Each structure stands twice: as C-alpha cells, then as structure tokens.
Amino acid sequence: MRKKTFVFAMAAAVALMTAGCQSKYEKVELPGNAAEAPESAGEKQKADGENQQAGGKSQAEGKDQQADGAVNEKIAQNGGSESEKQQAEVSVNKTELTTEPAPSMEARNETVYVKATTLNLRVAPEPGAEVVAAPVNGTQLKRTGDNGNWSQVEYQGKTCYAASAYLSTEQPEEQSAALAQTAGNSGSAMSSDSAASSGSAASVQNAGEVGLNMDWKYASLSKINSGKAVLYRSESASRQNKVVCVNAGHGTSGGSSVKTQCHPDGTPKVTSGTTSAGATTAVAVSGGMTFADGTPEAKVTLAMARVLKDKLLAKGYDVLMIRESDDVQLDNVARTVLANNLADCHIALHWDSTKSNKGAFYMSVPNVASYRAMEPVASHWKQHNALGESLVAGLKSAGVKIFSGGSMEMDLTQTSYSTVPSIDIELGDGASDHSAATLDQLGNGLVAGVDQYFGN
C-alpha cells in the first residue's frame with residue numbers, strides 16, 4: 001500500500017512540473033502580420049540569408065547555429081549548469097520580445113564574406129529593423145563588431161548590421177556555372193561540367209536564383225512576385241565589380257489583368273502611354289506588341305537579353321537577369337525593386353509599338369515639376385537620363401539608327417520606383433529587323449553605352 005501511495009505521489013509531482021513548464025514557456029505570437037512575424041529571431045535571421053549557397057551550412061543548420069549562439073551566451077552568464085542550458089534552449093524563442101537593448105558589440109577588425117545568395121543589412125541589430133542593402137554571395141565586408149547573433153559591418157561607407165550566421169571569415173570558393181543557352185531552353189544555370197560544351201561566351205561564378213524580399217522598400221506594392229531572377233557573376237579577367245540588371249520586357253503570363261500603383265505615393269501619372277495620364281494604377285506587365293512578321297515582342301526582348309548578358313559577362317560585368325524564360329511571375333514593381341537592391345543599374349529592353357522602323361531611343365524622365373519632385377524620382381532622375389544618353393550614344397557608335405533626338409518623355413512604373421540608374425530603352429519598333437545579326441549589333445552598342453556610363 002505504501003509503495004502504491006509513493007508511486008502515485010511521484011506521478012502527480014511529475015505532472016505538476018510538466019504543467020508548470022508548459023505555462024511558463026507558452027508560445028507567444030508577435031504583433032502584426034503573421035507572415036512577416038516569425039516565431040523567433042532565429043527564423044527572421046534565417047530569412048535574412050536568402051538561398052544559402054551549396055558547400056556552406058543549410059538554412060536549418062544556420063538557424064540552429066544562431067540558437068546555439070544565444071544558448072551558449074546564456075550559459076556562460078549563468079555558470080553553465082545542465083538545467084540552465086535546458087532552460088536557455090527553451091527561452092531562446094522569447095529573446096525577441098524583450099524591451100532591453102541588444103547585447104553590446106565586441107569590437108572586431110576583420111574581413112568577412114557573405115555566404116548567402118543575398119544578405120539583408122539592417123540599420124539596427126534587430127530582426128524588424130529597416131533593410132538598407134542586400135549584398136550578394138561572396139561580397140567582402142569589414143566587420144567592426146559582433147555580439148554572437150549580430151555583426152556590425154561597414155558597407156559602401158555605411159555602418160549596418162547583419163545576421164552573423166551568414167558571414168564567414170573564409171573567402172568562399174568560386175564555383176563555375178555556364179551561361180544558359182541563348183535559345184530554346186529554360187535559361188537556368190548549368191553545372192561547370194556542362195560549360196565546355198555549351199558554346200557560351202563566358203562562364204559565371206555563384207550563379208543563383210533570387211526572389212523578391214518583401215522587406216525591401218516598395219516590395220509590398222508588388223502584386224505578382226512569385227518568380228525568380230538569376231544573378232550571374234562574371235569570371236572575366238577584367239572584372240568591373242558592377243552588376244547590370246537586364247530586364248527583358250513583358251513575358252509575365254496574366255500580367256495584363258493585374259494592376260499596380262503607378263507611383264509609390266499613389267499620385268497619378270503625368271504622361272500618357274500604355275496607361276493614360278491621370279491614372280493611379282497601371283497594368284502590372286503588358287503583353288507587348290507583335291512585330292510585322294508575327295513575332296511577339298516578348299520573344300525578341302528575351303533573345304536580346306540573352307545576347308546582352310553574354311556580352312556583359314565577357315566584358316567583366318555581373319548580370320542580374322530578370323527573365324530567362326517565356327514566363328516569369330514578376331511584375332514591373334517587383335522587377336524594379338530587385339534591380340534597386342541587387343544591381344548598379346537597370347536596363348529594360350523593349351521595341352516600340354509603331355511600325356515605321358523609326359530607330360532606337362530611351363524613355364526619359366518627364367520634365368514635369370511635380371513628378372521630378374516625387375521620391376525616389378527626385379533623387380535619381382538625372383542618373384536615369386544620363387544612363388539613357390550613354391546607351392543611345394553607344395548604340396549610335398555601333399551604327400544603330402536613332403529616332404529623333406534619341407529620347408521620349410514617359411512616366412513609367414519602372415522610373416517611378418527606381419533608386420538606381422534605370423532606363424527603358426526602345427531598340428526600334430514593330431517594323432524593325434530583329435535577326436540574330438541585328439541583335440548582335442544592338443548588344444555591342446548597349447555594352448558600349450554601359451562602358452560609357454561607368455567610365456570604362
């Protein structure tokens with residue numbers, strides 16, 4: 001009888017202890033949109049390191065590493081008992097909820113490298129802090145501080161903060177991948193074993209798909225954003241250390257039935273075009289025109305983009321390819337935001353809808369005071385026009401016919417959202433020749449224009 005009583009008492013005690021733990025560490029939901037509020041700081045940091053490259057730790061491993069860092073710091077402070085370790089492991093999910101300041105940074109002076117396809121750099125060592133940049137895999141940074149979970153780094157003259165799990169003091173090994181074949185394929189990167197037989201003009205390192213990060217400025221105004229762009233790294237001996245975004249116009253199935261905000265601030269368009277002046281929303285991605293021979297514009301812009309990609313990579317430029325297939329689910333806002341965060345300039349390729357063989361020109365920023373005063377246009381419109389002028393000059397030097405003065409004012413979604421030099425270049429119209437020889441000529445002219453803009 002005494003034995004039965006003792007067993008019953010022990011069982012009750014264990015049940016009571018279990019209930020106490022469940023009560024103490026009950027899951028706490030963060031405020032705001034659930035999709036943008038991960039359960040832990042570790043999961044938010046995991047999102048900061050997008051598409052971690054092969055050869056490094058997996059995203060799950062990265063998350064574990066971050067949690068272990070928090071646990072080890074807690075153990076060190078508390079003396080290191082096993083029970084405290086277990087408590088710290090359970091408590092790590094609640095660290096994001098504290099109102100106390102983040103742990104102070106230990107001074108560092110070392111070179112580190114990004115080991116994710118893109119890494120969010122924030123204004124503060126907090127998961128919800130504003131993202132100010134997103135350098136790509138292999139980017140070299142100077143680390144000036146570290147608290148275990150977050151690193152203080154210098155990037156482009158600014159002090160930023162990044163999840164430490166996605167930084168390494170070891171320079172990443174360069175991985176080669178062939179360029180996509182210029183016709184008849186999906187455009188995905190091939191393995192280095194395929195490079196020799198592909199006939200590509202250049203190879204790339206650390207090629208990888210990149211999706212839209214919804215933390216990026218203006219990303220929330222995108223309506224179609226499930227697609228992926230592809231970042232290519234040049235292996236030319238004369239690397240330019242510049243990323244050129246090549247945006248093959250059109251090519252988004254269903255894009256013409258969706259509308260997005262014309263301007264970030266909701267103000268109406270100031271010029272007519274595909275969408276009339278005064279409208280506040282525009283087609284997310286238009287279907288494009290059809291050439292006189294029946295070829296859809298989207299087919300030709302894609303072929304042109306592939307030619308331009310090869311030439312830029314061979315010249316030493318890295319390339320962000322917005323579209324590498326007939327259909328990419330990225331609207332004009334998403335395409336622009338990707339370029340803003342991953343490229344040094346943005347070139348959208350188009351042909352005009354007229355059929356007079358009028359020649360090439362760029363869409364310049366409208367000379368309308370209210371438009372040029374609107375951000376981000378106000379801070380960047382001179383850069384946009386300068387890029388357009390350089391591209392037209394390059395095309396002219398390659399013998400390409402130029403329309404009128406080489407420009408036409410147009411209020412575009414792309415221009416309205418761009419924070420890097422950005423231009424829509426019309427390479428002719430529906431009556432223009434678009435043979436392989438012509439695309440090659442256009443490609444040479446565009447590369448000459450890029451060189452001129454960057455002073456190369």
Report task. Once you've got the Cα coordinates, tell me which of K259/K396; K115/K299; K223/K401; K309/K396 are over 28 Å apart. Result -> K259/K396; K115/K299; K223/K401
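What's the long-distance tail for the range 176-454, i.e. % of Cα pairs beyond 26 Å?
On the way: 14311 of 38781 pairs.
Percentage above 26 Å: 37.
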Requested in this report: Provide the per-residue ³J(HN,Hα) series for the range 345-362, in order, calculated from phi with Karplus coefficients 6.51, -1.76, 1.60 and θ = phi - 60°, each as a whole number of Hz, with x at glycine and proline positions.
Outcome: 7, 10, 10, 9, 9, 8, 10, 6, 7, 5, 10, 10, 6, 7, x, 8, 6, 10
Report summary line: Sorted by chain and number, the residues with a modelled amide H under 5 Å from that of T159, at a separation of 5 or more or across chains, are none
Report task. Evaluate the relative contact order of the range 176-454 (contact order divided by residue number), counting alpha-carbon pairs under 8 angstrom at least 6 apart; express in whole percent. Result -> 22
Query raised in the report: Which entries in K158/K217; K228/K382; K228/K355 show an alpha-carbon gap greater than 21 Å?
Result: K228/K382; K228/K355
Report summary line: Highest mean packing first, using Cβ neighbours within 10 angstrom, the peptides 330-343, 243-256 sort as 330-343, 243-256
Report task. Take the Cα of N357, step 7 Å along the line toward its Cβ, and report every residue of the range 432-455 whose backbone nitrogen sits under 12 Å from that point. Result -> 432-434
Report summary line: Here the FRET efficiency for A279 versus K142, based on Cβ atoms and R0 = 45 Å and rounded to 0.05, is 0.45
Report summary line: Rounded to the nearest whole number, the Stokes-Einstein translational diffusion coefficient of the range 325-456 at 20 °C and 1.002 mPa s (Kirkwood radius, C-alpha pairs) in µm²/s is 142
Query raised in the report: Percentage of Cα-Cα pair distances in the range 255-340 greater than 15 Å, rounded to whole percent?
Result: 68
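Every read-out reported here was derived from the displayed coordinates using simple, explicitly stated rules and does not represent laboratory data. Quantities reported herein were computed from a predicted structural model and do not represent experimental measurements. Ideal geometry is used to build each Cβ from the backbone, glycine not excepted, and the neighbour counts take in all protein chains shown.
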